[in-house]
Amino acid sequence: MGEFSTRHISSKVTQDFLLLAGTEDHYMPVEHFHRQARALTNVRSFTGRLSTKAEHAHTHCQCGNLGLAMRVMLAWIDERTESLPT
């Protein structure tokens, strides 16, 4: 995992982008969240969400509060699809 990098492709992403992380993730330091956010230079829109200990979602993949993670993802999707033709 330490050698994994999206450096060569992040600037090629052009769609809406949601980036989630926990403030105390035991696999990925929070700086990786900030670094990835800065690398997404061509996205149509960027939404970043850091989950906290107070929310019980501060660890990897928001494991302590998956309901919160799902609500954030579904709200994000709804915001982007509400104006689409049915």
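If you go through the range 7-16 and pick out every residue that is part of a loop (DSSP other than H, G, I, E, B) and either modelled with pLDDT of 90 or more or aromatic (Phe, Trp, Tyr) (or both), you end up with 6. Listed by first and then second residue, the pairs linking a residue in the range 51-65 that is under 14 Å from Tyr27 (Cβ atoms) and in contact (Cβ under 8 Å) with a residue 40 or more places away in the chain to a residue that is polar (S, T, N, Q) and surrounded by 17 or more Cβ atoms within 10 Å (Cβ to Cβ), with Cβ atoms under 9 Å apart and 6 or more places separating them unless they lie on different chains, are Gln62/Ser51.
Report yes if Glu3 is exposed (fewer than 10 other Cβ atoms within 10 Å of the Cβ) and either of a type in the set (A, V, I, L, M) or part of a helix (DSSP H, G or I) (or both), otherwise no. Spell out how you get there, then give the answer.
On the way: exposed (fewer than 10 other Cβ atoms within 10 Å of the Cβ): yes; either of a type in the set (A, V, I, L, M) or part of a helix (DSSP H, G or I) (or both): no.
When the stated conditions are applied, Glu3 does not pass them.
Which of the residues that make up the range 74-86 are surrounded by fewer than 16 Cβ atoms within 10 Å (Cβ to Cβ) and within 22 Å of Ile9 (Cβ to Cβ)? Explain how you work it out, then say what you get.
Applying the first criterion (surrounded by fewer than 16 Cβ atoms within 10 Å (Cβ to Cβ)) to the range 74-86 yields 74-75, 77-86.
The one that is surrounded by fewer than 16 Cβ atoms within 10 Å (Cβ to Cβ) and within 22 Å of Ile9 (Cβ to Cβ): Arg80.
Residues in the range 1-13 that are more than 15 Å from the chain's Cα centre (by Cα) and among the hydroxyl-bearing types (Ser, Thr, Tyr): Ser5, Ser11.
Within the bounds of the range 17-38, is there any residue that is surrounded by 13 or more Cβ atoms within 10 Å (Cβ to Cβ), in a helix (DSSP H, G or I) and out of contact with any strand residue (DSSP E or B) (no Cβ under 8 Å at 6 or more places or on another chain)? For the range 17-38, residues surrounded by 13 or more Cβ atoms within 10 Å (Cβ to Cβ), in a helix (DSSP H, G or I) and out of contact with any strand residue (DSSP E or B) (no Cβ under 8 Å at 6 or more places or on another chain): present. Scoring Gln62 on the criteria (1) at positive phi; (2) of a type in the set (S, T, N, Q); (3) exposed (fewer than 15 other Cβ atoms within 10 Å of the Cβ) leaves a single failure, condition (3). Of everything in the range 39-52 that is in a loop (DSSP other than H, G, I, E, B) and of a type in the set (Val, Ile, Thr), the residue that is surrounded by the most Cβ atoms within 10 Å (Cβ to Cβ) is Val43.
Among the residues of the range 55-85, the ones that are assigned to a loop (DSSP other than H, G, I, E, B), of a type in the set (A, V, I, L, M, F, W, C) and within 14 Å of the chain's Cα centre (by Cα) come to 1 in all.
The values are calculated or read from the model by the stated rules, or taken from the named source; none is laboratory data. As the structure is a prediction and not an experimental result, all values here were calculated from the model. All Cβ positions, even for glycine, are placed from backbone atoms using ideal geometry, and neighbour counts span all protein chains on display.
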